[in-house]
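Novice: Structure below; questions to follow.
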Amino acid sequence: MDKVIREGAVRVGVDLAKHVIQVHAVDATGRVLVTKPLARAKFIEWCVRLPRGCMVAMEASSSAHHWARKLALLGLEPRIISAQLVEPYRSQGRSGKNDANDAAAICEAASRPSMRFIPVKSIEQQSMLCVHRLREGIKADRTACINRIRGLLAEFGLVFPQSPRELQAVLSEVLEDASNELGALARLTLQRAQAQWHELDEHLAWCDERIDAHAKDNTTVRTAATLLGIGPVTASAVVATVGDFKQFKNGAQFGAWIGLTPRQRSSGGKNNLGGITKRGDTYLRTLLIQGAKSAVMTAHRRQDKISQWAVALRERSGWQKAVVALANKNARILWAVMTRGEAFDANHLSVKPTAT
C-alpha cells in the first residue's frame, strides 16, 4: 500500500481534528487509493511517503495553516479550502456528514479548476493576528465589565451617563461617598470590578502598542492607512490577513472575498440583488465597515471626489447603503494601491476600459 501511495497519489483530502485526522488519497484517474483515519502524531509520518508535488487539501480550521507550512517543507502542495465551498461536493449531503465523507468531499473539491483556495499564512502573519484576536476579546471583556459596574450601581439608585469616560471619572468618588446606599460589601465588590477595568485598559493599551509598532515598521501597513476610513488597526489587520494582494485578479474579487458584494438570486436575465454576502473574514469586514462609518459621517467636511460621492450616495440611498458601498470601494482601492504600487489619491477618477 505504501508503494501504491508513493507512486500513484496525486491528490489527498484531509479532514483535520484535534486527535484523529482522516485522509482520502486518489490517483490521476480519481481512483481511491486509501481512506483511513490517522492519529495526529502519525499524520506527518504518513505524508512523508507521498510523492513530491502531491496536492494535500484541507478545510480552513484553527490548525490548517500550521499543517500547510509543515507539508510545504516536505515538498508537497498544500491547499486550504473554505468549508462552505466543500459542502456541495459531499455526495451524501448534509445527512451523511462524517470524517470519511468530509475528507472525500475535500479531495473532490480540490480537483475543480475553478476552486478558490485560501493562501497559507506565514508565522509572522498569524502572530500579528493573535494580537488582533486578543484585542477583540479584551474589548468585549471591557464592555462587559463596564456594563456590570453600571448594573450593580443601578441596584442602589446610582445611574450615570452612558459614556465609559463619564463613569470612570466619578466611580472612585462614588465608592468613597458614605452618603449613598452602597453597603460595605458592595463597595469592596465594585472596587474589585474597578481594578479589573483598569487591568483590561492596560491589556488593551499593550495590544495597541503592538499594532502601532507594526504600522511603523511595515511600509505596506502605512500605505494602507492612507485611505479614507482605514486607520492603523484596519491596515494592520488587512496586511496580516491577506499578505499578497496579487492573489486576487482584481479589486472586485477582493471585495467579494471579504463579503462586501451583494447576494444574487438572478435568473432568466433578471438581476435580483440582496444584502451583502458576509463571506470571508468577519473581523476584517467589520473593521472596514466601522471605518467607512466614520468616513461617511465626516464626508461633508471634505471636498475630495470620494467624499462628495459618499455624501451624494447617502442622500440618495441612505446611511447604511452608503457605509457598505464605501467599505466595498475601499477594498477595491486597497487592492489597486497594493498591487500597482501607486499612492492613494482621493480625487482619482477610474475610467472603464473601452471594448476593442
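The values are calculated or read from the model by the stated rules, or taken from the named source; none is laboratory data. Everything numeric here is computed off the predicted structure, so don't read it as measured data. Methodologically, a virtual Cβ is constructed for each residue, glycine included, from the backbone with ideal geometry; neighbour enumeration extends over all protein chains shown.
Novice: With respect to Gln308, is the statement that it is assigned by TED's automatic domain parsing to the domain that holds Ala240, over 26 Å from Ala240 (Cβ atoms) and either aromatic (Phe, Trp, Tyr) or part of a loop (DSSP other than H, G, I, E, B) (or both) true?
Specialist: The answer is no for Gln308.
Novice: Something else: Determine which single condition Ala104 fails, assuming it passes every other condition in (1) farther than 27 Å from Gln247 by Cα; (2) in a helix (DSSP H, G or I).
Specialist: For Ala104, the failing item is (1).
Novice: Okay, moving on. Which pairs have Cβ atoms under 7 Å, sit 6 or more apart or on different chains, and link a residue in segment 227-254 that is at negative phi to one that is among the charged types (D, E, K, R)?
Specialist: Note: pairs meeting the criteria are Pro232/Asp212; Thr241/Asp281; Gly251/Arg332; Ala252/Arg332; Phe254/Arg332.
Novice: Filter segment 89-110 down to the residues that are surrounded by fewer than 19 Cβ atoms within 10 Å (Cβ to Cβ) and either touching a strand residue (DSSP E or B) at 6+ places or on another chain (Cβ under 6 Å) or hydrophobic (A, V, I, L, M, F, W, C) (or both) and list them by number.
Specialist: Correct list: Asp99, Ala100.
Novice: Now, a different point. Please go through segment 218-265 and pick out each residue that is closer than 18 Å to Val323 by Cβ, among the hydrophobic types (A, V, I, L, M, F, W, C) and not in a helix (DSSP H, G or I).
Specialist: Hits for segment 218-265 are Leu227, Leu228, Ile230, Leu260.
Novice: Let me ask something else. Any residue at all in segment 180-194 that's farther than 22 Å from Val233 by Cα, modelled with pLDDT of 95 or more, touching a Pro at 6+ places or on another chain (Cβ under 8 Å) and assigned to a helix (DSSP H, G or I)?
Specialist: Taking every residue of segment 180-194 in turn, none turns out to be farther than 22 Å from Val233 by Cα, modelled with pLDDT of 95 or more, touching a Pro at 6+ places or on another chain (Cβ under 8 Å) and assigned to a helix (DSSP H, G or I).
Novice: While we're on this one: For residues that are farther than 25 Å from Leu85 by Cα and β-branched (Val, Ile, Thr), scanning just segment 109-132, find the one that is farthest from the chain's Cα centre (by Cα).
Specialist: Here the answer is Ile123.
Novice: A follow-up question, please. Out of Leu200, Leu134, I need the residue that is touching a residue at least 12 places away in the same chain (Cβ under 8 Å), surrounded by fewer than 16 Cβ atoms within 10 Å (Cβ to Cβ) and in a helix (DSSP H, G or I). Which one?
Specialist: One residue alone meets the criteria, Leu134.
Novice: Tell me whether segment 105-122 contains one or more residues that are over 30 Å from His66 (Cα atoms) and either touching a Gly at 6+ places or on another chain (Cβ under 8 Å) or modelled with pLDDT of 95 or more (or both).
Specialist: No - not one qualifying residue is present in segment 105-122.
Novice: Which one is nearest to Arg279 (Cα to Cα), of the residues in segment 47-60 that are loosely packed, with under 15 Cβ neighbours inside 10 Å and touching a Leu at 6+ places or on another chain (Cβ under 8 Å)?
Specialist: Only one residue tops the list, namely Gly53.
Novice: Within segment 337-352, identify whether any single residue is acidic (Asp, Glu) and either in the same structural domain as Arg135 (by TED's automatic domain parsing) or not in a helix (DSSP H, G or I) (or both), and answer yes or no.
Specialist: yes
Novice: Is segment 237-253 home to any residue that is surrounded by 16 or more Cβ atoms within 10 Å (Cβ to Cβ), of a type outside the set (A, V, I, L, M), under 19 Å from Cys130 (Cβ atoms) and modelled with pLDDT of 90 or more?
Specialist: Within segment 237-253, one or more residues are surrounded by 16 or more Cβ atoms within 10 Å (Cβ to Cβ), of a type outside the set (A, V, I, L, M), under 19 Å from Cys130 (Cβ atoms) and modelled with pLDDT of 90 or more.
Novice: Surrounded by 14 or more Cβ atoms within 10 Å (Cβ to Cβ), outside the structural domain of Arg79 (by TED's automatic domain parsing) and in contact with a strand residue (DSSP E or B) (Cβ under 7 Å, 6 or more places away or on another chain): is that true of Thr261 in this structure?
Specialist: Criteria met by Thr261.
Novice: Name the one entry in Val26, Val86, Val20 that is crowded, with 19+ Cβ neighbours inside 10 Å, under 30 Å from the mean Cα position of the chain (by Cα) and of a type outside the set (D, E, K, R).
Specialist: The match here is Val86.
Novice: (1) modelled with pLDDT of 95 or more; (2) over 26 Å from Ala295 (Cα atoms): which one isn't true of Thr143, the others all being true?
Specialist: (2)
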